[in-house]
């Protein structure tokens with residue numbers, strides 16, 4: 001769902017932790033129960049991509065809820081591959097492994113010995129050079145399309161687009177994902193884990 005973007009890499013030192021989580025019951029309801037107000041949801045299903053935003057703890061609105069928008073499927077457990085629920089402090093990753101569901105939390109929350117002590121953030125441009133806006137229960141979505149390729153998705157980000165007509169993002173402005181890469185120090189530093197941090201605006205180089 002993203003294009004490559006050449007980042008300015010700034011190494012950060014601190015404490016980051018990885019924690020396995022136990023998934024109980026329906027995985028989508030379980031994940032919804034982990035939601036904190038302001039979290040962003042990105043889910044990949046067999047029939048498409050679903051974006052969402054938690055507007056209060058334990059609940060969210062998704063791109064499937066946009067009236068008249070037929071390009072985002074409903075969240076269905078039997079079609080779900082994986083989902084990420086993230087904010088600037090942590091990400092919860094849920095994924096299917098055979099007939100079972102697995103989950104882990106990674107982020108800068110925790111106590112004791114950290115799993116990682118160094119990382120850097122990298123912006124990844126999202127598809128979509130034009131589109132229009134939608135608002136669902138107070139959450140802004142950008143219904144984006146990419147040129148003539150017909151690639152469509154609706155991330156929960158306010159891009160200043162009109163509600164009633166398509167408009168180009170103009171120039172080099174694009175929506176992007178901030179991705180955090182954690183490093184392990186072995187013979188040489190290498191990326192061993194990554195997580196999503198936030199949606200933001202970037203300038204394409």
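The values are calculated or read from the model by the stated rules, or taken from the named source; none is laboratory data. Since we're looking at a predicted model, the values are computed, not measured. Counting neighbours? That spans all protein chains shown, and the Cβs are built from the backbone with ideal geometry, glycine included.
Among residues of segment 165-193 being in contact with a strand residue (DSSP E or B) (Cβ under 7 Å, 6 or more places away or on another chain) and in a loop (DSSP other than H, G, I, E, B), the one that is farthest from residue 71 (Cα to Cα) is 172. If the condition is being in contact with a strand residue (DSSP E or B) (Cβ under 8 Å, 6 or more places away or on another chain) and either assigned to a strand (DSSP E or B) or at pLDDT below 95 (or both), then segment 51-63 contributes 51, 52, 53, 54, 55, 60, 61, 62. Just a yes or no: is a residue in segment 109-116 in contact with a helix residue (DSSP H, G or I) (Cβ under 6 Å, 6 or more places away or on another chain), more than 30 Å from residue 163 (Cα to Cα) and surrounded by fewer than 17 Cβ atoms within 10 Å (Cβ to Cβ)? Taking every residue of segment 109-116 in turn, none turns out to be in contact with a helix residue (DSSP H, G or I) (Cβ under 6 Å, 6 or more places away or on another chain), more than 30 Å from residue 163 (Cα to Cα) and surrounded by fewer than 17 Cβ atoms within 10 Å (Cβ to Cβ). Residues that are touching a strand residue (DSSP E or B) at 6+ places or on another chain (Cβ under 6 Å) and either surrounded by 14 or more Cβ atoms within 10 Å (Cβ to Cβ) or in a strand (DSSP E or B) (or both) within segment 134-155 comprise 134, 136, 139, 141, 142, 143, 144, 145, 152, 153, 154, 155, listed in sequence order.
Can you tell me which residue among 89, 158 is within 17 Å of the chain's Cα centre (by Cα), farther than 27 Å from residue 191 by Cα and loosely packed, with under 15 Cβ neighbours inside 10 Å? Don't jump to the end; show me each part of the working.
Working: 89 fails: farther than 27 Å from residue 191 by Cα.
Being within 17 Å of the chain's Cα centre (by Cα), farther than 27 Å from residue 191 by Cα and loosely packed, with under 15 Cβ neighbours inside 10 Å holds for just one of 89, 158, which is 158.
Across segment 26-43, the number of residues qualifying as part of a strand (DSSP E or B) and loosely packed, with under 13 Cβ neighbours inside 10 Å comes to 0. Counting only residues that are without any contact (Cβ under 8 Å) to a residue 60 or more places away in the chain and surrounded by fewer than 14 Cβ atoms within 10 Å (Cβ to Cβ), segment 61-72 holds 2 of them. One residue alone among 75, 11 is surrounded by 16 or more Cβ atoms within 10 Å (Cβ to Cβ) and in contact with a strand residue (DSSP E or B) (Cβ under 7 Å, 6 or more places away or on another chain), and that residue is 75.
Could you tell me whether residue 23 is touching a strand residue (DSSP E or B) at 6+ places or on another chain (Cβ under 7 Å), under 28 Å from residue 192 (Cβ atoms), outside any strand (DSSP E or B) and modelled with pLDDT of 95 or more? If you could, list the steps in order and put the result at the bottom.
Working: touching a strand residue (DSSP E or B) at 6+ places or on another chain (Cβ under 7 Å): yes; under 28 Å from residue 192 (Cβ atoms): yes; outside any strand (DSSP E or B): yes; modelled with pLDDT of 95 or more: yes.
Here the answer is yes, as residue 23 does meet what is asked.
Would you be able to say whether some residue in segment 64-79 is assigned to a strand (DSSP E or B) and in contact with a helix residue (DSSP H, G or I) (Cβ under 9 Å, 6 or more places away or on another chain)? No, that holds for no residue. Filter segment 116-155 for residues that are more than 22 Å from the chain's Cα centre (by Cα) and at pLDDT 90 or above and give the result. Result: 117, single match.
Does residue 58 qualify as being within 15 Å of the chain's Cα centre (by Cα), on the phi > 0 side of the Ramachandran plot and surrounded by fewer than 16 Cβ atoms within 10 Å (Cβ to Cβ)? Considered against the rule, which asks whether it is within 15 Å of the chain's Cα centre (by Cα), on the phi > 0 side of the Ramachandran plot and surrounded by fewer than 16 Cβ atoms within 10 Å (Cβ to Cβ), residue 58 comes out as no.
Take the conditions at pLDDT below 95, farther than 18 Å from residue 198 by Cα and within 18 Å of the chain's Cα centre (by Cα) and apply them to residue 48. Does it pass? Here the answer is yes, as residue 48 does meet what is asked. Every condition in (1) over 19 Å from residue 144 (Cβ atoms); (2) surrounded by 13 or more Cβ atoms within 10 Å (Cβ to Cβ) is met by residue 46 except one, and the failing one is (2).
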